[in-house]
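Taking it in order: structure first as structure tokens, then the write-up.
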């Protein structure tokens, strides 16, 4: 039996999120969890889910639990706030224990799987920068057959990821998109990803610094990944091959 469309009542009241239904007349066969970047809110990713308009897919845009300091506005996913004294920039990798529990336990396990009847394979995550790091950590810590997939734009695994999560490679397929220059996804970060996941695809964009896709060329590998991983009750087009 396919899962049913989630409602706000299926998740803890402290979790701020929005739910976008699939296109008209489409069943909610899949769920895409959208995780924004540092200093943002879930509003921009609610709009992203609406713009993607993926077939048979409900979108849940989750807001990070931590408020930014100094009236900066927006939210962050980290367990702590640490600033570089020389640059004044905020460290994006301060651990994601609380955020991972929110996404993995409250949203995925208790909400989507237990209450709404979804299988992990029918759930995907798209995260930007710090949100991508949370998505990857949640997938790495999920036991069993894994999620339908994780797309991380400019985010790698946290250096604080528990070693137990790396003892056995995750079966969740991963697509990482990174800038050609000044990317947070370094060669060593890619090596760690390949140690944690069975399938890792890396796409490099001609950008200076990690950012959201801003052209058809940059969006293409993301849409191709969705096409391979999203399930359909309407039949699979001839010639399609699903990665397992």
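For the reader, a short list of remarks on this structure follows.
- One residue stands out in segment 33-48 among those that are surrounded by 24 or more Cβ atoms within 10 Å (Cβ to Cβ) and farther than 18 Å from residue 98 by Cβ: the one that is farthest from the chain's Cα centre (by Cα), namely 45.
- When the test is whether a residue is closer than 22 Å to residue 230 by Cα, modelled with pLDDT of 95 or more and surrounded by 18 or more Cβ atoms within 10 Å (Cβ to Cβ), residue 11 does not pass it.
- Taking the conditions (1) more than 25 Å from residue 213 (Cβ to Cβ); (2) outside any helix (DSSP H, G or I); (3) touching a helix residue (DSSP H, G or I) at 6+ places or on another chain (Cβ under 7 Å) in turn, residue 111 satisfies each one other than (2).
- Residue within segment 7-28 that is part of a strand (DSSP E or B), touching a helix residue (DSSP H, G or I) at 6+ places or on another chain (Cβ under 7 Å) and under 17 Å from residue 132 (Cβ atoms) present: no
- In the set 136, 142, only one residue is under 28 Å from residue 219 (Cβ atoms) and modelled with pLDDT of 95 or more; that residue is 136.
- Which listed residue, of 124, 133, is within 15 Å of the chain's Cα centre (by Cα), crowded, with 24+ Cβ neighbours inside 10 Å and in a helix (DSSP H, G or I): 133
- Strands (runs of 3 or more DSSP E) wholly inside segment 139-219 containing at least 3 residues that are touching a residue at least 60 places away in the same chain (Cβ under 8 Å): 149-153
- The number of residues in segment 166-191 that are in contact with a helix residue (DSSP H, G or I) (Cβ under 8 Å, 6 or more places away or on another chain) and over 21 Å from residue 35 (Cα atoms) comes to 2.
The values are calculated or read from the model by the stated rules, or taken from the named source; none is laboratory data. Because the structure is predicted, anything quoted here is derived from the model rather than measured. Note that each Cβ is placed from the backbone with ideal geometry, even for glycine, and that neighbours are counted across all protein chains shown.
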